[in-house]
Amino acid sequence: MHPVIQQVTDNIIQRSETSRSNYLQRMALAREQGPHRGVLSCGNLAHGFAACNQQDKASLRSLTKANIAIVSAYNDMLSAHQPYEDYPKRIKAAVNEVGSVAQFASGVPAMCDGVTQGQPGMELSLLSRDIIAMSAAIGLAHNMFDGGVMLGICDKIVPGLLLAALSFGHLPFVFIPAGPMPSGIPNKEKARIRQQFAEGKVTKEQLLAAEAASYHAAGTCTFYGTANSNQLVIEIMGLHLPGASFVNPGTELRDALTAAAARQVTRLTDLGDNYLPISQIIDAKAIVNGIVGLLATGGSTNHTMHLIAVARAAGYIVNWDDFAQLSAATPLLTRIYPNGHADINHFQQAGGMAVLIKELLNAGLLHNDVQTIAGPGLSRYTQTPTLVDGNLVWQDSPSVSQDLTVLSTATKPFSRHGGLEVLSGNLGRAVIKTSALREGTAVIKAPAVVFSSQHQLDAAFQAGDLNKDCIIVVRFQGPKACGMPELHKLTPPLGVLQDRGYKVALVTDGRMSGASGKVPAAIHVTPEALDGGNLAKIQTGDLVLVDAEQGVLQLFVSEAELALRTAASIELTTTDSFGMGREFFGALRSQLTGAEQGACSLFKE
């Protein structure tokens with residue numbers, strides 16, 4: 001093992017000794033109280049199988065056949081989730097084939113950040129992760145199940161489902177993806193047209209035509225944002241079948257993988273000899289593997305929160321210093337938009353997960369000695385699924401990438417650094433995605449221009465007030481202020497300013513995620529402006545440094561002067577908490593932790 005990877009793993013294990021032990025004790029107690037249908041009263045059990053057919057009723061009465069929970073985030077507005085419409089039927093049939101039963105246990109909400117960008121509903125996006133976890137937990141709490149399959153892909157959905165699964169960590173769970181849509185117009189071309197629209201050079205009809213040519217079919221969006229980062233991380237942590245993440249929807253291979261995943265979870269229940277609950281799969285080594293996979297591919301910065309919350313759900317304490325240390329030791333092996341021109345289908349064609357995992361294992365950057373749903377050892381995931389005479393088999397992957405411009409080698413990476421830095425200074429702590437930055441933009445020192453909403457920034461851009469070197473500060477976007485929306489709306493105007501030759505950067509307590517690209521963006525600033533952070537004391541004209549090389553986020557105002565300044569207060573007009581259902585979530589927002597603690601409401605300190 002690479003010494004840094006091992007050291008970070010050991011650090012996590014040591015600092016989490018008590019919390020992990022407590023978690024495993026809870027899971028052991030939960031196991032002792034099951035299989036759980038056996039503790040239900042006759043009336044309870046009769047309610048649980050009342051709608052089943054006679055064969056399934058007999059199986060559930062016997063208490064010897066597995067009952068698999070289906071938890072789905074299906075809705076047909078999300079292109080990534082539309083293929084899930086017929087998955088329950090497919091899963092039930094596959095589970096019945098091996099003599100077990102599957103019941104649809106719970107539907108969970110699924111928000112598309114792409115639809116809500118710049119809209120009031122975006123303020124519910126991060127909050128939805130915790131709601132998804134709680135919704136799934138309600139379905140699983142019926143105590144009827146021996147294992148589960150989780151159907152989810154996008155942004156907050158997979159982390160929410162994983163949080164729920166870990167809460168029921170005495171059960172086995174398999175995550176089943178649906179795959180990316182076929183490639184549309186190149187993502188770089190889409191971004192170019194967005195910038196032209198921001199400058200008034202193309203019409204809204206032309207912009208819509210470009211967007212529709214990019215987001216054009218069922219399946220996950222093809223750029224490497226949070227949705228595809230979710231799939232990569234879940235597979236590298238051993239919760240997908242090998243090679244399942246990026247097979248397109250509606251193909252024979254996709255259907256075969258879905259059926260195989262459904263059958264696989266029945267083999268892992270406590271009713272057989274191969275009991276493997278998710279609490280035994282998600283350990284410190286699996287978590288570190290997930291972080292390394294994310295960093296090696298320039299994945300979504302959302303996971304600097306999600307993986308911290310997931311680790312906490314499994315009894316581990318992970319922080320941003322762990323991410324920074326792992327990033328310094330992890331080479332960047334992929335160029336997938338916004339870190340390059342290729343999309344996720346090109347990554348799959350180059351060799352995909354099997355070649356990536358093989359490269360990282362050979363370089364000592366991943367722990368091989370882990371448990372997975374496919375068996376012991378991550379090396380199982382260096383094989384590729386295929387159909388041979390209609391039968392699903394796994395074959396050895398190519399020894400090297402088939403396109404070194406998309407997926408490189410550990411000996412000749414695109415960068416020796418994983419592309420994520422942690423910034424610290426008198427403004428607090430932040431993360432910055434450096435993997436897509438242009439040369440010469442990693443260090444920006446300029447006067448601040450301060451806003452309290454992305455809409456204010458857009459107005460200033462349209463008025464020409466930002467045509468200068470500046471550091472854009474957008475505050476009161478943190479978890480407690482307004483639910484920490486993603487600020488994709490900022491990307492086109494900031495990109496235009498950069499292309500005009502101005503030195504610009506963004507500092508915000510909000511999120512950027514998959515939109516983090518060529519413009520340096522210090523995001524997730526903690527503490528947030530509403531929670532005592534010095535973001536609330538910055539004034540337009542103050543000198544600010546964003547230094548992604550040395551890890552510095554500094555406001556050049558003396559401590560004495562800062563002490564005399566009155567913190568700005570949140571303006572009702574910038575975060576109106578009513579409308580689009582936002583009034584229902586005020587109490588939940590107030591319970592969210594800081595970004596480095598996972599921006600989570602589910603765990604008591």
- Translational diffusion of the stretch 217-328, µm² s⁻¹ [Kirkwood Rh, Cα pairs; Stokes-Einstein; 20 °C; 1.002 mPa s]: 139
- Packing-wise, with mean Cβ within 10 Å as the measure, how do 124-133, 442-451 rank, highest first? 124-133, 442-451
- For the Cα atoms of the chain, what angle does the longest principal axis make with the long axis of helix 157-167, in degrees from 0 to 90, nearest 10? 50
- Item | Over the stretch 179-321, relative contact order from alpha-carbon pairs under 8 Å, at least 6 apart, % | 24
- Query: Roughly speaking, what is the centre-to-centre gap between the stretch 448-473 and the stretch 59-93 when only Cα atoms are used, to the nearest Å?
  - Reply: 47
- Task: Can you tell me the 0 to 90 degree angle between the C-alpha axis of helix 187-198 and the longest principal axis of the chain, rounded to 10?
- Result: 40
- Note on the structure: Note: probe point = Cα of residue 556 + 7 Å toward Cβ; backbone nitrogen < 20 Å; residues of the stretch 443-475 passing the test are 443-451, 467-474
- Note on the structure: Using alpha carbon centers only, the stretch 109-184 is separated from the stretch 486-524 by a whole-angstrom value of 28
- Taking only Cα atoms of the chain, the Rg to Rh ratio with Kirkwood Rh works out at 0.97
- So what is the calculated 222 nm ellipticity per residue for the chain, using -39500 (n - 2.57) for each DSSP H run with n of 4 or more, over all residues, to the nearest 500 deg cm²/dmol? -11000 deg cm²/dmol
- Quick one: give the max-minus-min coordinate of the C-alpha atoms of the stretch 420-597 along each principal axis, largest first, in Å. 44, 37, 31
- Message: Defining a contact as two alpha carbons under 8 Å apart and six or more residues distant in sequence, what relative contact order in percent does the chain show?
- Response: 14
- Note on the structure: In terms of the alpha carbon gyration tensor, root eigenvalues a ≥ b ≥ c, rounded if a/c is under 1.5 and otherwise prolate when a/b exceeds b/c or oblate, the stretch 474-578 is oblate
- May I ask you to derive the relative contact order of the stretch 420-597, considering only C-alpha pairs under 8 Å and at least 6 residues apart, and to give it as an integer percent? 30
- How large is ³J(HN,Hα) for each residue in the stretch 273-279, as worked out from phi by the Karplus curve 6.51 cos²θ - 1.76 cosθ + 1.60 (θ = phi - 60°), to whole Hz, x for Gly and Pro? 9, 10, 3, 9, x, 5, 5
- Describe numerically, in nm with one decimal, the distance between label points set 7 Å from Cα along Cα→Cβ at residue 199 and at residue 25. 6.3
- Nearest 10 degrees, 0 to 90: helix 226-236 Cα axis against the chain principal axis: 50
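Just so you know, all these numbers are worked out from the coordinates, no wet-lab data involved. Note that the coordinates shown come from a computational prediction; the quantities given were computed from them, not determined experimentally. So basically every Cβ, Gly included, is an ideal-geometry build from the backbone, and we count neighbours across all protein chains shown.
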